[in-house]
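This structure is in structure tokens; I'll ask about it shortly.
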Amino acid sequence: MKPGGCYTTCDYKAVTKVPNNYHIEYDGHYYSVLYSYCGKPAILKAAPSEIRICDQYNRLICTHRRSHREFPLHITKDGSFF
């Protein structure tokens, strides 16, 4: 990024194990990850408009548009979009 560019702050959440339902909870919503990450550590990075989920080595697994709505609570992408 060029000096003087835009920066966004993020909230980080370390997840020791991705649950059996393949969704990581953040701020009352549940964001999906690819099934092959079930049981593995992950890092969720929440910006005001986007959720990024990375593996334990900080490699990007997937992104989601951050939801601020009451419903739906589960934000799931088809595996072909990861």
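Taking the Cα atoms of the range 33-82, report the difference between the largest and smallest coordinate on each principal axis, in whole Å and largest first.
Here the Cα extents, ordered largest to smallest, are 30, 21, 18 Å.
How large a share of the accessible area of the chain, in percent, is made up of carbon and sulfur atoms when the probe is 1.4 Å and the other protein chains stay in place? Write down the numbers at each step before the final one.
Numbers: 3110 of 5830 Å².
Exposed carbon and sulfur together represent 53 percent of the surface.
Please identify every one of the trypsin sites (Lys or Arg not before Pro) in the range 18-60 that sits in a loop by DSSP and has no more than 15 other beta carbons within 10 Å of its own beta carbon. Spell out each step's value before the answer.
Details: sites: Lys45, Arg52, Arg59; in loops: Arg59.
Answer in residue order: Arg59.
To the nearest 0.05, how large is the calculated FRET efficiency for Thr76 and Thr8 if R₀ is 25 Å and r is the Cβ-Cβ distance? List each step's numbers first, then the result.
Working: r = 24 Å, r/R0 = 0.97.
That pair, Thr76 with Thr8, gives E of 0.55.
What chymotrypsin sites (Phe, Trp or Tyr not before Pro) does the range 1-64 have in DSSP loop regions with at most 11 other beta carbons within 10 Å?
On the way: sites: Tyr7, Tyr12, Tyr22, Tyr26, Tyr30, Tyr31, Tyr35, Tyr37, Tyr57; in loops: Tyr7, Tyr22, Tyr57.
Those that pass, being in a loop and sparsely packed, are Tyr7, Tyr57.
Where the only charges are on Cβ atoms (+1 Lys, Arg; -1 Asp, Glu), what is the dipole of the chain about its Cα centre, to the nearest 20 debye? Write out the running numbers ahead of the final one.
Working: 11 positive and 7 negative charges, 47 e Å.
Around 220 debye, computed over the chain.
Just the accessible area for Asp27, please: 1.4 Å probe, Å², rounded to the nearest 10?
Using a 1.4 Å probe on the heavy atoms, I get roughly 100 Å².
Note down the accessible area of His23, probe 1.4 Å, to the nearest 10 Å².
20 Å²
Which FRET efficiency, nearest 0.05, do Leu60 and Asp27 yield, Cβ-Cβ r, R0 25 Å?
The pair Leu60/Asp27 has a calculated efficiency of 0.80.
Per residue, how much accessible surface does the chain expose to a 1.4 Å probe? Answer in Å², no decimals. Numbers along the way, then the final one.
On the way: 5830 Å² over 82 residues.
Ligands and nucleic acids excluded, the result is 71 Å² per residue.
The values are calculated or read from the model by the stated rules, or taken from the named source; none is laboratory data. Bear in mind that the values here come from a model prediction, so they are computed numbers and not experimental data. Every residue, glycine among them, receives a Cβ derived from its backbone with ideal geometry; neighbour counts consider all protein chains shown. When the accessible area is computed, the model is the full protein with side chains, heavy atoms only, and any ligands, DNA or RNA have been set aside. Shrake-Rupley method; radii C 1.70, N 1.55, O 1.52, S 1.80 Å.
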